[in-house]
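The values are calculated or read from the model by the stated rules, or taken from the named source; none is laboratory data. This is a predicted model, so every value here is computed, not measured. Because the Cβ atoms are built from the backbone with ideal geometry, glycine has one as well, and the counts that use them run over all protein chains shown.
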Amino acid sequence: MKYSYNKFSVLIFLIFYTISIYAQGIIINHNCINLSQIPDEMIDSARAKLHIAYGHTSHGSQLIDGMYGLYTWKGDKYAFGSSGKSNELEIHDYAFNNYGGYDLGNPDRTTWAIATRNYLNNTDNSNINVVIWSWCGEASSADSNDIVVYLNLMSQLEIDYPEVTFVYMTGHLDGTGVSGNLNKRNEQIRKFCKENNKIIYDFADIESYDPDGNYYLNKLANDACDYDSNGDLVRDKNWAVNWQNAHTEGIDWYSCGAAHSQPINANMKAYAAWWLWASIANTKLITKINQAKSKPFNSLLEQNYPNPFNPTTTIRYSISGTGSALVSLKIYDMLGREVKTLVNKEQQAGKYSVELSSVSAQLSSGVYFYQLKTGSFISTKKMLVLK
């Protein structure tokens with residue numbers, strides 16, 4: 001069916017159907033798998049506007065293989081490729097392999113960010129306006145500090161490349177359930193994205209549900225879609241196989257590659273991917289909606305002075321608006337690890353300054369980042385300690 005949506009209809013779609021929208025943030029999860037709810041105009045806009053670089057290894061390939069299957073099944077509406085043809089969504093798959101990065105934890109937890117910078121700094125890639133990375137198994141072995149490194153590196157990339165949209169992602173299911181370390185780390189990522197208005201493709205949430213909305217994370221579901229059906233802590237059934245057997249291939253679902261998993265899982269990843277692309281392509285419209293709704297609590301973070309410094313420097317910032325806001329001012333090292341909290345309290349609108357001592361903060365010579373958060377505002381700047 002061809003949808004005929006005017007601008008008002010698109011607004012209604014964005015507000016009531018969808019994605020959870022927080023200011024400029026977008027959450028893509030299991031609620032975003034119904035293709036019929038995406039207006040044709042938004043899909044056309046994605047194909048026309050977006051130039052995507054995607055970094056992943058095997059699990060992340062579910063998204064691309066699912067999209068290939070959808071393209072084959074449904075035709076040119078979902079066309080994509082790396083050539084940048086006018087009728088295709090431009091996606092550069094395995095984009096960062098030649099730059100040393102494979103996924104968010106391979107070969108380590110920081111190379112992906114260096115690879116991103118090298119890639120974006122190459123003039124051959126000057127048209128890229130979306131960057132998305134997936135995890136393989138490293139999210140399962142991460143601790144909270146590892147995730148902070150990931151989040152801080154992403155935030156700094158957003159600051160340094162404001163013309164590029166960066167998409168956050170959760171790690172795939174590993175069978176450890178609701179109380180497992182993986183879910184705790186995924187919740188850490190989700191919380192950060194919600195609080196800071198980020199764009200997140202919630203890989204784990206998508207595969208925690210079947211297409212009918214039945215939930216399996218609390219049944220020890222893994223990435224293969226195996227789950228514990230009777231509570232004996234043994235995964236004895238596969239929800240994806242069961243669902244596919246109960247539905248008609250070529251009508252309700254389509255066959256496609258699905259590394260480590262089943263086709264319907266990759267189907268859902270593809271549907272959600274198109275929600276993501278369509279949403280990103282229309283973020284200016286989303287921004288207008290939210291700007292009309294509320295007046296933000298604004299802040300300004302200044303460059304520390306002196307910089308470089310030894311042993312002290314002053315950090316100034318200001319907040320404007322009405323009422324008060326929770327203000328956080330923290331120092332991070334080059335690996336994104338928090339080394340000092342300077343401010344963490346409610347403050348009224350006004351101008352503030354904080355003196356930082358490299359001695360009391362135990363800062364050795366090197367580059368550090370200081371980050372200010374007030375409400376949905378976040379700003380990060382560099383400083384240099386010389387001894």
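Screening 230, 218 for residues that are farther than 20 Å from residue 73 by Cα and assigned to a helix (DSSP H, G or I) leaves exactly one candidate, 218. Pairs meeting the criteria (first residue in segment 40-56 and over 18 Å from residue 163 (Cα atoms) and outside the structural domain of residue 126 (by TED's automatic domain parsing), second residue at pLDDT below 95 and among the basic types (Lys, Arg), beta carbons under 8 Å, at least 6 apart or on different chains) are lacking.
Just to be sure before I move on: is residue 264 in a helix (DSSP H, G or I), farther than 17 Å from residue 134 by Cα and modelled with pLDDT of 95 or more in the structure I sent? Break it down into steps so the answer makes sense when it comes.
On the way: in a helix (DSSP H, G or I): yes; farther than 17 Å from residue 134 by Cα: yes; modelled with pLDDT of 95 or more: yes.
When the stated conditions are applied, residue 264 passes them.
Per this entry, residue 212 is not counted among residues that are assigned by TED's automatic domain parsing to the domain that holds residue 34, closer than 21 Å to residue 69 by Cα, under 25 Å from the mean Cα position of the chain (by Cα) and buried (at least 18 other Cβ atoms within 10 Å of the Cβ).
A residue that is in the same structural domain as residue 53 (by TED's automatic domain parsing) and under 25 Å from residue 83 (Cα atoms) cannot be found anywhere in segment 143-158.
When we screen 230, 181, 196 for residues that are out of contact with any Ser or Thr (no Cβ under 6 Å at 6 or more places or on another chain), modelled with pLDDT under 95 and of a type in the set (S, T, N, Q), the only hit is 196.
Regarding segment 126-139, can at least one residue be identified that is within 25 Å of residue 90 (Cβ to Cβ), small (Gly, Ala, Ser), surrounded by fewer than 15 Cβ atoms within 10 Å (Cβ to Cβ) and out of contact with any strand residue (DSSP E or B) (no Cβ under 9 Å at 6 or more places or on another chain)? Give the derivation first.
Going through segment 126-139, the residues within 25 Å of residue 90 (Cβ to Cβ) turn out to be 126-136.
Those left that are additionally small (Gly, Ala, Ser): 126, 134.
Next, only the ones that are surrounded by fewer than 15 Cβ atoms within 10 Å (Cβ to Cβ) stay: 126.
Narrowing the set further to residues that are out of contact with any strand residue (DSSP E or B) (no Cβ under 9 Å at 6 or more places or on another chain) leaves 126.
Checked segment 126-139: at least one residue is within 25 Å of residue 90 (Cβ to Cβ), small (Gly, Ala, Ser), surrounded by fewer than 15 Cβ atoms within 10 Å (Cβ to Cβ) and out of contact with any strand residue (DSSP E or B) (no Cβ under 9 Å at 6 or more places or on another chain).
For segment 83-120, a residue qualifies if it is surrounded by 14 or more Cβ atoms within 10 Å (Cβ to Cβ) and under 28 Å from residue 253 (Cα atoms), and the qualifying residues are 88, 89, 90, 91, 92, 93, 94.
Listed residues 314, 322; which is β-branched (Val, Ile, Thr), surrounded by fewer than 20 Cβ atoms within 10 Å (Cβ to Cβ), at pLDDT 95 or above and over 25 Å from residue 43 (Cβ atoms)? Steps first, please.
Working: 322 fails: at pLDDT 95 or above.
Going through 314, 322 in turn, just one is β-branched (Val, Ile, Thr), surrounded by fewer than 20 Cβ atoms within 10 Å (Cβ to Cβ), at pLDDT 95 or above and over 25 Å from residue 43 (Cβ atoms): 314.
Tallying residues that are under 22 Å from the mean Cα position of the chain (by Cα), surrounded by 19 or more Cβ atoms within 10 Å (Cβ to Cβ) and assigned to a strand (DSSP E or B) within segment 329-339 yields 1.
Taken over segment 85-143, the criterion of being of a type outside the set (Lys, Arg), within 16 Å of residue 158 (Cα to Cα) and part of a helix (DSSP H, G or I) is satisfied by 112, 113, 114, 115, 116, 118, 119, 120, 121.
Any idea how many residues of segment 244-267 are under 14 Å from residue 210 (Cβ atoms) and either in contact with a strand residue (DSSP E or B) (Cβ under 8 Å, 6 or more places away or on another chain) or charged (D, E, K, R) (or both)?
Residues that pass the stated criteria total 7.
Looking at 342, 356, 363, which is the one that is surrounded by 14 or more Cβ atoms within 10 Å (Cβ to Cβ), part of a loop (DSSP other than H, G, I, E, B) and either more than 25 Å from the chain's Cα centre (by Cα) or assigned by TED's automatic domain parsing to the domain that holds residue 196 (or both)? Steps first, please.
Values: 342 fails: part of a loop (DSSP other than H, G, I, E, B); 356 fails: part of a loop (DSSP other than H, G, I, E, B).
That would be 363, the only listed residue that is surrounded by 14 or more Cβ atoms within 10 Å (Cβ to Cβ), part of a loop (DSSP other than H, G, I, E, B) and either more than 25 Å from the chain's Cα centre (by Cα) or assigned by TED's automatic domain parsing to the domain that holds residue 196 (or both).
The number of residues in segment 48-65 being touching a Phe, Trp or Tyr at 6+ places or on another chain (Cβ under 8 Å) and in a helix (DSSP H, G or I) comes to 2.
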